[in-house]
Amino acid sequence: MNQKSAESCCCSAKPSEQKEHNQHDEIRNHVRDSYAQVAEASNRGEDCGIESSCCGVSADLDINTLNSLRLGYSENDMNSVPEGADMGLGCGNPHAIASLKPGDTVVDLGSGGGFDVFLAAREVGENGRVIGIDMTPTMISKARNNADKAGFTNVEFRLGEIEHLPAADNSVDVIISNCVINLSPDKAQVFRDAFRILKPQGRLAISDVVATIELPEEMRNDKKLHAGCMAGASLIEDLYNMLEEAGFEEIAINPRDESREFIRDWAPGSGVEDYVLSAYIHAIKPV
């Protein structure tokens, strides 16, 4: 390859595409750094490291109360996972719509300290397997330590981005996720890769934050609100279209009006609860 050709290859990206790529990297790096702070603070037994929120945890709220009363988890759920796995980072309970069965292979997108992975492991049993995927090394280390302490043998945790999942094609029965996909700067790619790894008739069952109306520009550009799972929320119609374009069928997106109360506590005084809600999202990969 001559010098001119090499320069052409290196400079082939349009300025607008390069700008978008840089913005995506900036968002991912900010989210990764923010949740590394959460994991490190949790390891020290302190409140979370995000100033405005932790996807649902503000300093004056008890995590167990939040999960049991607001997110749909039971006291038994919280007592059945290793200490430190539940950091209150969700916006719902994906297990409520996942219908997991013994023997299922499950992937949790953005697995954090492993809370939903450990609950799923209990449901799929010894013949099943649950794989947690997270892009934050500190979270992966924390989750692996939690699994070792509690003696879980049917779970594993893999470092990776949810846009490019470290899992084989057609290998997974169910994908769960709790308040993570809204953090991605490329949700369409997340759904395409989720579709790739699911088996035919595999299910997507997630709890996430969605926008009911378009957020103001100042909210969209607020990094704290983005790391707090709010600024990156997509409109319901846009999410539906992304899922459909990825190939999913039987798509259902069900917003939860009662979630306004705890979203208000994530960023008090911001008014973001007027724009976003927690929702349950379910879809099927056809045969």
| message | Criterion first (in contact with a Ser or Thr (Cβ under 8 Å, 6 or more places away or on another chain) and among the hydroxyl-bearing types (Ser, Thr, Tyr)) does SER99 satisfy it? | response | no
| Across segment 223-237, which residue is farthest from PRO268 (Cα to Cα) among those that are touching a residue at least 40 places away in the same chain (Cβ under 8 Å) and of a type in the set (D, E, K, R)? | LYS223
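Scan segment 175-206 for residues that are among the basic types (Lys, Arg) and under 18 Å from VAL124 (Cβ atoms) and report the count.
Total satisfying the criteria: 2.
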| Can VAL155 be described as crowded, with 22+ Cβ neighbours inside 10 Å and either closer than 24 Å to ILE236 by Cα or small (Gly, Ala, Ser) (or both)? | no
| field | Test for VAL130: is it touching a residue at least 12 places away in the same chain (Cβ under 8 Å) and touching a Pro at 6+ places or on another chain (Cβ under 7 Å) | value | no
| field | strands (runs of 3 or more DSSP E) lying entirely in segment 102-194 (those with 1 or more residues that are closer than 21 Å to GLU244 by Cα and under 14 Å from the mean Cα position of the chain (by Cα)) | value | 105-109, 172-178
| field | Selected residue (only one of VAL117, VAL210 is surrounded by 17 or more Cβ atoms within 10 Å (Cβ to Cβ), more than 22 Å from GLU237 (Cβ to Cβ) and at pLDDT 95 or above) | value | VAL117
| task | May I ask you to verify whether SER234 is under 20 Å from ASP108 (Cβ atoms) and under 16 Å from the mean Cα position of the chain (by Cα)? | result | no
| request: Take segment 145-189 and flag every residue that is more than 30 Å from LEU277 (Cα to Cα) and among the β-branched types (Val, Ile, Thr). | output: THR153, VAL155
| message | Given the condition among the charged types (D, E, K, R), at pLDDT below 90 and surrounded by 15 or more Cβ atoms within 10 Å (Cβ to Cβ), answer yes or no: does some residue in segment 271-279 qualify? | response | no
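Name the one entry in VAL287, VAL210, VAL272 that is within 16 Å of the chain's Cα centre (by Cα) and not small (Gly, Ala, Ser).
Of VAL287, VAL210, VAL272, the one residue that is within 16 Å of the chain's Cα centre (by Cα) and not small (Gly, Ala, Ser) is VAL210.
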| request: Please find, within segment 162-203, the residue that is surrounded by the fewest Cβ atoms within 10 Å (Cβ to Cβ) out of those that are β-branched (Val, Ile, Thr) and out of contact with any Gly (no Cβ under 7 Å at 6 or more places or on another chain). | output: ILE197
| Yes or no: ARG220 among the basic types (Lys, Arg), more than 25 Å from SER99 (Cα to Cα) and surrounded by fewer than 22 Cβ atoms within 10 Å (Cβ to Cβ)? | yes
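The values are calculated or read from the model by the stated rules, or taken from the named source; none is laboratory data. Being a predicted model, the structure only gives us computed values, none of them experimental. Using ideal geometry, Cβ is built from the backbone for each residue, glycine included, and neighbour counts are taken over all protein chains shown.
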